Amino acid sequence: MENKELYPELADYIWNYCCHMTEDEQTAWRHNRAVERLAHGNRIGFHKHQNQEQQLSKDEAVLKLLENGYDNFKTLVVTRVWNEQKPELKLNLCPNCKRIARTPSAKQCRFCLHSWREKPNKESSSTSE
Ligand SMILES: [Zn+2]
């Protein structure tokens, strides 16, 4: 792998919070979701069943994205986003170890446990000078 910097936690973060999928990727994602829902066919009604079938794709480029499974698809998408949009990605990195936080609003590092919560210091501001 060339992407030494793209460790699993970072990949998850990109997938969850900054993944701008191409049309093919979105179609593949919906296709996969439809396949999963149809697999639980008895639990969804007839109309929903039809809706799901409409989400299925026959596009070869789309199906190729999923040919090695859903996890592989995620990796493909995340790697593409990482390579193409790395400078623009809004990553919530730990100020201490520079690794990725769990969510965009997290204020504590899961790796080094450093916390960057702003301290409530309203009272001390008026007395200093
Ligand atoms: Zn850290």
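Quick note: the coordinates plus some simple rules give every number you see, no bench work behind them. As the structure is a prediction and not an experimental result, all values here were calculated from the model. In this analysis, Cβ positions are derived from the backbone assuming ideal geometry, glycine residues included, and neighbour counts consider all displayed protein chains.
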Kirkwood-Stokes translational diffusion coefficient of the range 42-109, alpha-carbon pairs, 10 °C, 1.306 mPa s, µm²/s: 102 µm²/s
Share of Cα-Cα pairs in the chain lying beyond 26 Å, as whole percent: 44 percent
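Neighbour counts of other C-beta atoms within 10 Å: give me D24, D71 arranged from fewest to most.
So the ranking, lowest neighbour count to highest, is D71, D24.
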When each of K86/K107; K74/K119; K64/K107; K74/K98 is checked by Cα-Cα distance, pairs over 28 Å: K74/K119; K64/K107
